[in-house]
Structures are given as structure tokens and as C-alpha cells.
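Next up is a structure, given as C-alpha cells.
The values are calculated or read from the model by the stated rules, or taken from the named source; none is laboratory data. Since the model is a prediction, treat every value here as computed from it, not as a measurement. With ideal geometry, Cβ positions are generated from the backbone for all residues, glycine too; neighbour counts draw on all protein chains shown.
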Amino acid sequence: MPDVHIDLGPRSYDIRIGPGLLAQPAVLEAAVPARDVLVVTNATVAPLYLETLQRGLAGKRLGSVILPDGEQFKTLETAARVLDAMVAQRLNRDACAVALGGGVIGDLTGFAAACYQRGIDFVQVPTTLLAQVDSSVGGKTGVNHPGGKNLIGAFHQPRAVIADLATLRTLPPRELRAGLAEVAKYGLLADAEFLDWIEQHAHDLLNLDTDALAQAVRRSCEIKARIVAADEREHDQRALLNLGHTFGHAIENALGYGEWLHGEAVAVGMLLAADLSCRIGWLDRADVERVRALLTRLGLPVAAPPIGVARALDLMAMDKKVLAGRIRLVLLRRLGEAVVSGDYPADALQATLGAHFGGRNA
């Protein structure tokens, strides 16, 4: 399968997509030419794939650090453990960190790599669908803070991404479904034909059909590659990739990180975005129900937790898209076309929040 290329000038790189890539030393050697390598993984993924990765990197000066698994560990304290391991291994600026795991491991590893000696190479080896289609691509790295998700971080592009589709076969079904939320996101925000395809192949995706997964990962990465290449540091259109995330991050924060998976929160967030888009006249109610039906077919939640309007607004006010105190949201002009806008009636947002999160103005 041809690579997907991220065109960022001197920071350009390829995303390799296919089954069995971790068992191909030539693939790993091309992605990780450094002599000194630190592999960062977690206690769930390490028993499954760490040994295979180490065999593929044989001959290098290898170290590893195994972190606890879960969004609740995506913190500065955990990032410090990775930095401590880099120091203990006496890595220099020509070393490389390899993130073997899902989005938490990728974000932590990239953030530590961005900080260590003001920046060393890192390679993403995502083992979850969500990471393969979204978080491993584009160079956003960081950790959470009690005040908000991903508030502390850096833009630091990987030198390569290796998306081995075979790793998805050990993914818990709930994690697979959470990844499919991000796949659906790409169709909703940028490609109506892809949205049609996802609806037609939902059963295949849930049943881990290799061809369907390959198409979903590849098309998702192509859409993200185009947007990232045009707006690497999210000054403009890259914010479109946050469809559903402002609402979703409020859910994650309110409930405590790890209670809901990121993709689950994004799924509900996309439904809220569609609801608000309908209330301001951009979508028909039938479009909103189509979004709801697709998310339901993918096994994702469509009912938001009752965190209340005031709490939701308070958490959304810490979103990174807020400008001059105005909450900007990614909304849908139509299915397949998203925009970033702060120009919506306040009462429409209140109505959406009330209808889904509970409280007045439902």
C-alpha cells in the first residue's frame, strides 16, 4: 500500500500503512536510523509488541520505559518519567524516541522528545485505530492538566509513522469503536463521499476487515495530511480537525480523564455540533439524525452525561480555540463541510447544551 506523505518542507515524513509492518526490520530501520533509541510503551502494549519491535531494531543501543496505561496518566509527572529515562540512557541529540502504543503514549513521547535537549527525533508506532487515523499524525504532542485537556504541549513532528494494521486485532472492541469516531469525523468535516462509504462499511470495520480498515486509515490520513500541510500550527483550518472536540473535552474533564474514552466523548461532541448547526439553520434535522444513526451503528454513545450547562460552558471556555473570550466551535455547514465559527447565537448554544447536558434552556 502506498505511503501517505505529510508535506511540511524539511519536516516532511511518510505514514506507512499495512498489516505486519512491525515484523519487517527494513521498515523499522528506514524509519529509525538513529543508533541510540528509547522505546516508550505501556503495560498493556509491551507484552504484545515490544519484543517484536526490539527484534526489528536489533543492533541499536536500545532502552525502554514501560508506563501505566490510561488517559489519567497523561500528565507532566509521567512525562518526567520518560525524560528521566532519556537522561539515564545518556541520549544525545542524534537519538530517537519511539512511541509504541495509543494516543496517550504518542502524545507523551512526542512531548518528551520535543523537550529533551530542545528536541530529538521521535517515531510514531500507533497500535490503536484512533492513534493510526488521528493522534499519531500532525505533530501535536502534550499532556493534560486538571484545568483542561492537552493544555501543556508542543508542536513536534515525528520523522515517520508506522501504522501496522495487524495490531488492531488485539484492540479491545471498545477501543476500536472509539477509533471509528475519529474516522467518522473525517467524513463529516471534509468528505461526504467518505461519509457515505463509512455508512456502507460500518459492519466490515467493526469486524476488522483488513481491506476496510486499510481504506479507512488511509483516507483519514490523507484528509489530515492535506489539512496539516496547509496549516501546521493551527492558525486557521487545522482547527477543523477538532470537530466535536470542544464538547468532548468538556465531557472528559468533567467526568475525570479515563472514565470515557476520547473517541466516545468526541462522538457525543460531534452530535452536539450537528445539533447546534441545525439550530442555526445550516443542517436539517434529518442530517442530525443521520449523524446519530451512524454513531449508533458504530457502537458509540450518543447520550451525553448530565454535567449541566454551567459546568460545560466553564470547561469549554478553556478550549484552545477560544479567542478574546469567545468560544469558537467547529460546526457543519453541510455534511462533509465544516467551518470554525464564533458567530452563532448564544441562545442556540445554550439550547444545545441544555438539551444534551441537562439544565435550563433545553
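Filter region 21-32 down to the residues that are closer than 16 Å to LEU165 by Cα and under 22 Å from the mean Cα position of the chain (by Cα) and list them by number.
LEU21, LEU22
Would you check which residues across region 164-192 are farther than 15 Å from LEU300 by Cβ and free of Cβ contacts under 8 Å to residues at least 40 places away in the same chain and list them?
Correct list: ARG169 only.
Which residue out of THR109, THR167, THR141 is polar (S, T, N, Q), surrounded by 24 or more Cβ atoms within 10 Å (Cβ to Cβ), outside any strand (DSSP E or B) and in contact with a Gly (Cβ under 9 Å, 6 or more places away or on another chain)?
From the options THR109, THR167, THR141, the qualifying one is THR109.
Each row is one residue, and each column tells you yes or no for (1) surrounded by 21 or more Cβ atoms within 10 Å (Cβ to Cβ); (2) part of a loop (DSSP other than H, G, I, E, B).
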position	(1), (2)
ALA274	yes, no
CYS278	yes, no
GLU289	no, no
ARG292	no, no
LEU295	yes, no
GLY299	no, yes
ALA303	no, yes
ILE307	no, yes
ARG311	no, no
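When you look at GLU264, is it on the phi < 0 side of the Ramachandran plot and not in a loop (DSSP other than H, G, I, E, B), yes or no?
Here the answer is yes, as GLU264 does meet what is asked.
Residues of region 240-272 being charged (D, E, K, R) and either surrounded by fewer than 24 Cβ atoms within 10 Å (Cβ to Cβ) or within 11 Å of LEU329 (Cα to Cα) (or both), which ones? Walk me through it before giving the result.
At the first step, the residues of region 240-272 found to be charged (D, E, K, R) are 252, 259, 264.
Passing the criteria: GLU259, GLU264.
Tell me, yes or no, whether region 318-328 has at least one residue that is at pLDDT below 95 and touching a His at 6+ places or on another chain (Cβ under 7 Å).
Yes, because at least one residue in region 318-328 is at pLDDT below 95 and touching a His at 6+ places or on another chain (Cβ under 7 Å).
Residues of region 204-218 being in a helix (DSSP H, G or I) and either buried (at least 21 other Cβ atoms within 10 Å of the Cβ) or in contact (Cβ under 8 Å) with a residue 40 or more places away in the chain (or both), which ones?
Passing the criteria: LEU205, LEU206, THR210, LEU213, ALA214, ALA216, VAL217, ARG218.
Filter region 226-239 down to the residues that are among the small types (Gly, Ala, Ser) and buried (at least 21 other Cβ atoms within 10 Å of the Cβ) and list them by number. Explain how you work it out, then say what you get.
Taking region 226-239 and keeping what is among the small types (Gly, Ala, Ser), we get 229-230, 239.
ALA239 - this is the single residue of region 226-239 that is among the small types (Gly, Ala, Ser) and buried (at least 21 other Cβ atoms within 10 Å of the Cβ).
Can GLY258 be described as assigned to a loop (DSSP other than H, G, I, E, B), at pLDDT below 95, within 30 Å of ASP69 (Cβ to Cβ) and among the small types (Gly, Ala, Ser)?
On the way: assigned to a loop (DSSP other than H, G, I, E, B): yes; at pLDDT below 95: yes; within 30 Å of ASP69 (Cβ to Cβ): yes; among the small types (Gly, Ala, Ser): yes.
Considered against the rule, which asks whether it is assigned to a loop (DSSP other than H, G, I, E, B), at pLDDT below 95, within 30 Å of ASP69 (Cβ to Cβ) and among the small types (Gly, Ala, Ser), GLY258 comes out as yes.
Follow-up. Among the residues of region 1-16, which ones are in contact with a Lys or Arg (Cβ under 6 Å, 6 or more places away or on another chain) and at pLDDT 95 or above? Before the answer, list the steps.
To start, the set of residues in region 1-16 that are in contact with a Lys or Arg (Cβ under 6 Å, 6 or more places away or on another chain) comprises 3, 13.
Residue satisfying the conditions is TYR13 alone.
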